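Comments concern the structure below.
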Amino acid sequence: FRGFMVIDAYNEFRGYMGATQIPIDFFTIMWRLFGTEEQKKKIAQQAAPPYTSFCIDESGSIYATLAYVTTNQIVKLNTVGENTYPEQVYGGVAEPFFVDIDIDKNGIISVLDSVTNRIYQYDQEGNMLTSFGGKGNWKGRFEQPVSLAQDSEGNIYVLDKKLNHVQVFEPTNFIKLVQKATKHHMDGEYEQAMEAWREVLKIDSTYQLAFRGVAKAYTKQENWKEAVRYYKLGDDKEGYTMAFSEYRHQLFREYFGWVVLAIVVGFALLILIGKAIIGFARNEIRKYTTWQGGI
């Protein structure tokens, strides 16, 4: 069973939850339909991807990492074992191997990848905030990282099995601002989030997540014009499409009366001009078709 056993405080078994599933693709279906008995046996022997680490936040949600998958390497399981975390690719390589995961008081998720030897941080919406570390035997790098933990100040402790030591990483002012903006956004404090994101942009004017954060704040304010601008700067195609659609509708509602009035006036002018042309044409025709007398 590739899942979690639930045991209460009295050491009583309460059941299983969060079982992983064997991914099914087109080739697997074809092998099951048309494969030989030996091929079918091999498919039947395939195991679901295993969890490699997990932690639990204050609300009881389980954050866990999966191995040997190319997507959804990080999951957030609710009380019934359903994943509520965004389904996408995590990590810096095609198939990372996250050996540990932790979550801080602000809801920032940190995962440790043994393939790239890097630490990745994500917010509750699946956005990568930063990554650091790497392979090496000098300060700030790892040879064989196996575990990480965070304290209440945001410091990250990383255990390196091969180098036999623990390194401590302190958050920079830039990351503190990023996490502050993220926390404000999660709490629905969009004005404060926008201010923090603008401070982030003063330090790094190319940080796309800050542009997206400002765009989301404008979205909550229904300021679609500015939202379109910042979604574009943040290279958020989905957000840009949504904001542009709303902005277009806003312009249509705002100028609908004037557009209708302009159409009515234009139509009336066309009628008047048409009548004038017809009257002029009739007068001209009458001049040349009515006999005036004489030879």
> Roughly to the nearest percent, how much of the accessible area of the chain is carbon and sulfur, given a 1.4 Å probe?
Replying inline: 57
> Going highest first, how would you order 222-231, 82-91, 244-253, 10-19 by mean Cβ packing within 10 Å?
Replying inline: 222-231, 82-91, 244-253, 10-19
> Once the principal axes of the Cα atoms of the stretch 197-295 are found, what is the range along each, listed largest first in whole angstroms?
Replying inline: 96, 23, 21
> What whole-number value in Å² describes the accessible area per residue of the chain for a 1.4 Å probe?
Replying inline: 64
> If you take the charge dipole of the stretch 76-173 about its Cα centre, with +1 on Lys and Arg Cβ and -1 on Asp and Glu Cβ, which of 116, 81, 131 is farthest toward its positive end?
Replying inline: 116
>> Using DSSP to call loops (not H, G, I, E or B), can you name the trypsin sites (Lys or Arg not before Pro) in the stretch 85-173 whose Cβ has at most 16 other Cβ atoms within 10 angstrom?
In response: 105, 139, 161, 162
> With each label point set 7 Å from Cα along the Cα-Cβ vector, what nm distance links residue 244 and residue 47?
Replying inline: 4.8
>> Report D for the stretch 166-233 in µm² per second (integer): Stokes-Einstein, Kirkwood Rh on Cα pairs, 4 °C, 1.567 mPa s.
In response: 107
> Excluding residue 155 itself, what net charge comes from residues whose Cβ is under 13 Å from its Cβ, given Lys and Arg +1 and Asp and Glu -1?
Replying inline: -3
>> Helix-only estimate, please: 222 nm mean residue ellipticity of the chain, summing -39500 (n - 2.57) across DSSP H runs of length 4 or more and dividing by its residues, to the nearest 500.
In response: -14000 deg cm²/dmol
> In the P(r) worked out for the stretch 99-147, what percent of Cα pairs fall beyond 17 Å?
Replying inline: 33
> Where the only charges are on Cβ atoms (+1 Lys, Arg; -1 Asp, Glu), what is the dipole of the chain about its Cα centre, to the nearest 20 debye?
Replying inline: 1580
> In angstroms, what radius of gyration and Dmax does the stretch 116-198 have, counting Cα atoms only?
Replying inline: 14.8, 46
>> Taking the Cα centre as origin and putting +1 on Lys and Arg beta-carbons and -1 on Asp and Glu beta-carbons, what dipole magnitude results for the stretch 166-226, to the nearest 20 debye?
In response: 120
>> Give me the net charge for the shell around residue 250: Cβ to Cβ below 9 angstrom, other residues only, Lys and Arg +1, Asp and Glu -1.
In response: 0
> Rg and Dmax of the stretch 139-260 over Cα atoms: what are they, in angstrom?
Replying inline: 20.3, 76
> So how much slack lies between residue 132 and residue 276, counting 0.36 nm per residue of separation and subtracting their Cα-Cα distance, in nm?
Replying inline: 44.1 nm
> Which one of 268, 217, 94 has the biggest mean-square fluctuation once the chain is modelled by GNM with Cα springs under 10 Å?
Replying inline: 268
> Out of 274, 239, 107, any idea which swings most in a Gaussian network model of the chain, alpha carbons joined below 10 Å?
Replying inline: 274
> So how compact is the chain: Cα radius of gyration and Dmax in angstrom?
Replying inline: 31.9, 128
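The values are calculated or read from the model by the stated rules, or taken from the named source; none is laboratory data. Being a predicted model, the structure only gives us computed values, none of them experimental. No Cβ is skipped: glycine too gets one built from the backbone with ideal geometry, and neighbour counts run over all protein chains shown. When the accessible area is computed, the model is the full protein with side chains, heavy atoms only, and any ligands, DNA or RNA have been set aside. Shrake-Rupley method; radii C 1.70, N 1.55, O 1.52, S 1.80 Å.
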